[in-house]
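These notes concern the structure reproduced below.
The values are calculated or read from the model by the stated rules, or taken from the named source; none is laboratory data. A quick note: this is a predicted structure, and the numbers were derived from the prediction, not measured. Here the Cβ positions follow ideal geometry from the backbone for every residue, glycine too, while neighbour counts run over all protein chains shown. Accessible surface is based on the protein model in full, side chains and every heavy atom, while ligands, DNA and RNA are left aside. Shrake-Rupley method; radii C 1.70, N 1.55, O 1.52, S 1.80 Å.
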Amino acid sequence: MPSAHSTPRTPRFDTLTVPKASDVLASEVRERILSGELAEGTPLPPERQLVEQTGLSRATVREALRILEVERLVEIRPGRGGGAFVHRPGRESLANTVQLVIRGQQIRLEALHETREAIEPACAALAAGRRTEQDLADLDAAHAELVGAGDDIRRFLRANVRWHNAVARAGGNELLIGFLSALSESIYAATNLERFMDARIREVTAQAHAKITEAVRSGDAAAARRRMSRHVCGFARAASEVDGRERVELTEPED
């Protein structure tokens, strides 16, 4: 027990991290956009007014706007009638972000295939229950393009990605649409097409697409899930047999 004459212990405080003013302003605007308070296309106050309203410096306001522009939450338009305008993130933002992570982290191809095998059969099942006539028309058009590609591997590839993305869109789940778009682009960009897309593979792919489309058209979710699972698992096995790469390379996919 301390004596009556002992000196009280001096309290200690942890180091405080004070956020930058630009981060605080960017956070407030970001929350207003994501909450729906600021609708798509809404103009933010001019830079001069933001300085007056917030009491921050012009440099701080500009930095906050740059942060939001990088996050694609605002669009900066130059010239007369320009300024900062609200841009709410869509499914393309998700796909772009996922692709950046895949390429930046050089995610293993095996991991990409595993992810695709997990989600794309679910996309097909959802498509069977939710597809519209327009969705079916998109699937048919992509399939016709794929069949008509002949020996043009690049044309075949684009039609293939287009068909898989059409299946995801028919399922109507925005998150799955974004994820699948990123996966499809990344897997095909990292696969040695010249060695892989031979005539046999193209024929098997076309047949699989036709059967999956048939299940989607008839509303048979179980068949759509089963056929898609067989298709993507078979693709992963075949690709691994001819391509020794283990990770996504830092190259842009070709059109």
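Before moving on, here are some points about what is shown:
- Counting all C-alpha pairs of segment 119-188, share separated by more than 16 Å (%): 45 percent
- Prolate/oblate/rounded label for the chain (Cα gyration tensor, a/c 1.5): prolate
- Cα shape, segment 100-150, gyration tensor, a/c 1.5 rule: oblate
- Computed with a 1.4 Å probe on the full set of protein chains, the accessible area for K211 sits at about 120 Å².
- Accessible area in the full protein assembly, largest first, 1.4 Å probe, for T10, T60: T10, T60
- Computed from Cα positions, the angle between helix 58-70 and the longest principal axis of the chain comes to roughly 20 degrees.
- Classified by the C-alpha gyration tensor, segment 1-149 has an oblate form. Its axis ratio a/c, with a ≥ b ≥ c, is 1.5 or above, and a/b does not exceed b/c.
- Rel. contact order, % - alpha carbon contacts under 8 angstrom, at least six apart, segment 13-140: 21 percent
- Carbon plus sulfur fraction of accessible area for the chain, probe 1.4 Å, in percent: 51 percent
- Residue-count net charge about R72 - beta-carbon cut-off 13 Å; Lys, Arg +1, Asp, Glu -1: -1
- Counted charge near A208, where neighbours are those whose Cβ lies closer than 13 Å (Asp, Glu -1; Lys, Arg +1): +3
- Summed side-chain charge close to A39 - residues other than A39 whose Cβ falls under 15 Å, Lys, Arg +1, Asp, Glu -1: -1
- Here the sum of -39500 (n - 2.57) over DSSP H runs of 4 or more residues, divided by the residues of the chain, equals -21500 deg cm²/dmol at 222 nm, to the nearest 500.
- The C-alpha atoms of the chain define a longest principal axis, and helix 133-147 lies at about 60 degrees to it.
- For segment 52-208, the relative contact order works out to 24 percent when only alpha carbon pairs closer than 8 Å and six or more residues apart are counted.
- Figure note: V24, V74 ranked by solvent-accessible area, largest first, 1.4 Å probe, ligands and nucleic acids not counted: V24, V74.
- Charge dipole (debye, nearest 20) of the chain; +1 at Cβ of Lys and Arg, -1 at Cβ of Asp and Glu: 500 debye
- Accessible surface calculations at 1.4 Å, restricted to protein heavy atoms, place segment 35-155 at 57 Å² per residue.
- The alpha carbon centroids of segment 35-63 and segment 152-230 are separated by 44 Å.
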